[in-house]
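The block underneath contains the structure these notes are about, expressed in structure tokens.
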Amino acid sequence: MIVKPVITPTEAAAKVREGDALMVGGFLGCGSPHSIIEALKERDLKRLTLICNDTGIHDLKTGRVEGVGHLVAKAQFKKIQCSHIGLNGETQRQMNSGETDVELIPQGTLAERVRAGGVGLGGILTPTGLGTEVEQGKQVITVGDKLFLLELPLKADVALVKAKKADRAGNLVYSATARNFNPLIAMAASLVIAEVEEIVEIGEIDPDEVHTPSIFVDCLVQAVRLEA
């Protein structure tokens, strides 16, 4: 197996370029690569596209910000494709003002579009969204006596995932529900950077425990414990 390089969060953030499409794992911050997000926050990158389950948390009243909400707060995205913005008031403000193009995608459809991108499908067929605003501008296909929307695959330039453990080859193990979107986005990007809590030697992870095989992972980042 090829040993994957272990880089710092700052080095990981430097691999994201202006205008990139960026996939980030996590579900309201659970399973998000917080160390890399903090490093990205320090860069002045703009015009990024975010593909993520949600945009983290940003309470405009208390000032509490979590997850990719830090990047939204710095207006680093020109477009966001996600399923939930209910806990991020800044995302809502940017969407309503027209500052950021926000595409709200039903969660199951989002997951399947990412999966389609990862496994090389031309798209997926789903009845979700028929007869609603979701249908606008999309092709409707009849299969038998049922109608479906054709939803196109999603891919990214860079995917940032968070895992509980990795070996030096890049095999990843996620922790419980922190797995969420991470395995999907790890298959759907040209460059995959995994932030991990623990790095072990090759052979120390049982193959049956591997959630993301090493072939999908390009770099590892040792997670930095952030102050509360």
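The values are calculated or read from the model by the stated rules, or taken from the named source; none is laboratory data. None of these values were measured; they are calculated from a predicted model. Counting neighbours? That spans all protein chains shown, and the Cβs are built from the backbone with ideal geometry, glycine included.
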- Message: For a quick check of your reading of the model, give me the residue pairs whose first member lies in the stretch 60-89 and is without any contact (Cβ under 8 Å) to a residue 24 or more places away in the chain and among the charged types (D, E, K, R), whose second is outside any loop (DSSP other than H, G, I, E, B) and buried (at least 19 other Cβ atoms within 10 Å of the Cβ), with beta-carbon atoms closer than 8 Å and at least 6 apart or on different chains.
- Response: Arg64/Ile57; Arg64/His58
- Message: Name the single residue that is nearest to the chain's Cα centre (by Cα) among those in the stretch 87-101 being farther than 20 Å from Glu18 by Cβ and among the hydroxyl-bearing types (Ser, Thr, Tyr).
- Response: Thr91
- Message: Can you list residue pairs whose Cβ atoms sit under 8 Å apart, with the first residue in the stretch 139-150 being surrounded by 10 or more Cβ atoms within 10 Å (Cβ to Cβ) and part of a strand (DSSP E or B) and the second being at pLDDT 95 or above and aromatic (Phe, Trp, Tyr)? Count only pairs 6 or more apart in sequence or on different chains.
- Response: Val140/Phe148; Ile141/Phe148
- Message: Just the residues that are assigned to a strand (DSSP E or B) and on the phi > 0 side of the Ramachandran plot, please, taken from the stretch 151-183.
- Response: none
- Query: Tally time: how many residues in the stretch 1-21 are part of a strand (DSSP E or B) and within 24 Å of Glu204 (Cα to Cα)?
  - Reply: 2
- Message: Being in contact (Cβ under 8 Å) with a residue 24 or more places away in the chain and either under 22 Å from His84 (Cα atoms) or surrounded by 14 or more Cβ atoms within 10 Å (Cβ to Cβ) (or both) is true for just one of Thr132, Thr128, Thr177. Which residue is that?
- Response: Thr177
- Query: So is Gly120 farther than 30 Å from Ile7 by Cβ and surrounded by fewer than 21 Cβ atoms within 10 Å (Cβ to Cβ) or not?
  - Reply: no
- Task: Quick one: which residue in Val102, Val72 is surrounded by 22 or more Cβ atoms within 10 Å (Cβ to Cβ) and among the aliphatic types (A, V, I, L, M)?
- Result: Val72
- Item | Members of the stretch 199-213 that are in a strand (DSSP E or B) and closer than 26 Å to Ala156 by Cβ | Ile199, Thr212
- Out of all the residues in the stretch 197-212, which are under 27 Å from Arg17 (Cα atoms) and in contact with a Pro (Cβ under 9 Å, 6 or more places away or on another chain)? Thr212
- Note on the stretch 57-86: residues over 17 Å from the mean Cα position of the chain (by Cα) and farther than 17 Å from Leu40 by Cβ are Asp59, Leu60, Lys61, Thr62, Gly63, Arg64, Gly86
- Message: I need the full set of residues from the stretch 184-198 which are of a type outside the set (Asp, Glu), surrounded by 19 or more Cβ atoms within 10 Å (Cβ to Cβ) and not in a loop (DSSP other than H, G, I, E, B), in order please.
- Response: Leu184, Ile185, Ala189, Val192, Ile193, Ala194, Val196
- Message: Suppose we filter Asp44, Asp59, Asp54, Asp101 for residues that are farther than 16 Å from Val158 by Cα, charged (D, E, K, R) and modelled with pLDDT under 95; which single one remains?
- Response: Asp44
- Message: Can you pull out every residue in the stretch 24-65 that is among the acidic types (Asp, Glu) and in contact with a His (Cβ under 8 Å, 6 or more places away or on another chain)?
- Response: Glu38, Asp54
- Taking the stretch 51-62 and keeping residues crowded, with 24+ Cβ neighbours inside 10 Å and not polar (S, T, N, Q) leaves Ile51, Cys52, Asp54, Gly56, His58
